[in-house]
Amino acid sequence: MKKNRLFIIYLLITGISLSFGFFSYLNQRNRALGRIAGNINTPDAKVVVSAPVSEESVSPYLSAKANDVFENKEEEDAVHQIQETVSENAEDEYFALPVGGTAITPFSKNRLVFSESTKDFRTHEGLDFEAEDGETVLAVKSGTVSEVNDITSLGKTVKVDHKDGLQTVYSCLGEASVKEGDAVEKGDVLGTVGKARGSEAALGTHLHFEAIRNGEKINPEELFIK
């Protein structure tokens, strides 16, 4: 009987200890979240997603200041973990430009526009960028190369699959530096711009860029305007 009572007391003490530890963890986590939320609500806090994330451009709430004082190691670790997650998400939102030139021909999916190359009216389901012959073409986001083809109307073309059903297509290339199955990071070189031909020939040397989401072509400008 005495052993049973001691066992019950042991279970009660263990349960109380576990409960205390759990609520202590929640308290530390909430304090960390409160610290982050407090910084987000400051009037001058800004999130920059239209430029590369760096120590200089990152928002105040993403960097722990040197004079920050944490009550204990658990709170400090929680704050740093949240900072890393927020920083990764902000970086993931940013798309790099494929070349350095400006857009010269807009996207036109539902409206016919006159083509100087073919001398007829047709849709233009991409965005054309000014580019020099031999200029490097960069991946706008990390992903996997799914196709490397030579298309009669657009020249050498590279397609990259990204997450969330997004694909990007790079055409009018002179050379491709990647092959099917290659994993690429944002900013990696996919190839170089070459002489345009077919339905894009009259525009001269340029990059024809397309974006596809869940099998449907979308306006590529949506990727770069945030």
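The values are calculated or read from the model by the stated rules, or taken from the named source; none is laboratory data. Since the model is a prediction, treat every value here as computed from it, not as a measurement. No Cβ is skipped: glycine too gets one built from the backbone with ideal geometry, and neighbour counts run over all protein chains shown.
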- prompt: Out of all the residues in the stretch 157-180, is one or more closer than 19 Å to D128 by Cα, out of contact with any helix residue (DSSP H, G or I) (no Cβ under 6 Å at 6 or more places or on another chain), without any contact (Cβ under 8 Å) to a residue 12 or more places away in the chain and part of a strand (DSSP E or B)?
  reply: no
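Could you say which residue among V145, V169 is at pLDDT 95 or above, touching a Lys or Arg at 6+ places or on another chain (Cβ under 8 Å), closer than 22 Å to G101 by Cβ and crowded, with 20+ Cβ neighbours inside 10 Å? Before you say what the answer is, go through the steps one by one.
Details: V145 fails: closer than 22 Å to G101 by Cβ.
V169 is the lone residue from the list that is at pLDDT 95 or above, touching a Lys or Arg at 6+ places or on another chain (Cβ under 8 Å), closer than 22 Å to G101 by Cβ and crowded, with 20+ Cβ neighbours inside 10 Å.
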- request: Please verify whether the stretch 113-128 includes one or more residues that are exposed (fewer than 14 other Cβ atoms within 10 Å of the Cβ), in contact with a His (Cβ under 7 Å, 6 or more places away or on another chain) and modelled with pLDDT under 90.
  value: yes
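Applying the selection to the stretch 129-142, what residues are loosely packed, with under 14 Cβ neighbours inside 10 Å and not charged (D, E, K, R)? Before the answer, list the steps.
Step one: filter the stretch 129-142 for residues loosely packed, with under 14 Cβ neighbours inside 10 Å, giving 132-134.
Correct list: G134 only.
Within 28 Å of K141 (Cα to Cα) and modelled with pLDDT of 70 or more: is that true of K73 in this structure? Full working, then the answer.
Numbers: within 28 Å of K141 (Cα to Cα): no; modelled with pLDDT of 70 or more: yes.
No: the conditions fail for K73.
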field: Total residues in the stretch 186-226, condition over 18 Å from P106 (Cβ atoms) and either over 27 Å from the mean Cα position of the chain (by Cα) or crowded, with 17+ Cβ neighbours inside 10 Å (or both)
entry: 12
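Can you say whether K141 is in contact with a Phe, Trp or Tyr (Cβ under 8 Å, 6 or more places away or on another chain) and either basic (K, R) or without any contact (Cβ under 8 Å) to a residue 12 or more places away in the chain (or both), as far as the supplied structure shows? Even if it seems obvious, please write down each step before you answer.
Working: in contact with a Phe, Trp or Tyr (Cβ under 8 Å, 6 or more places away or on another chain): yes; either basic (K, R) or without any contact (Cβ under 8 Å) to a residue 12 or more places away in the chain (or both): yes.
The answer is yes for K141.
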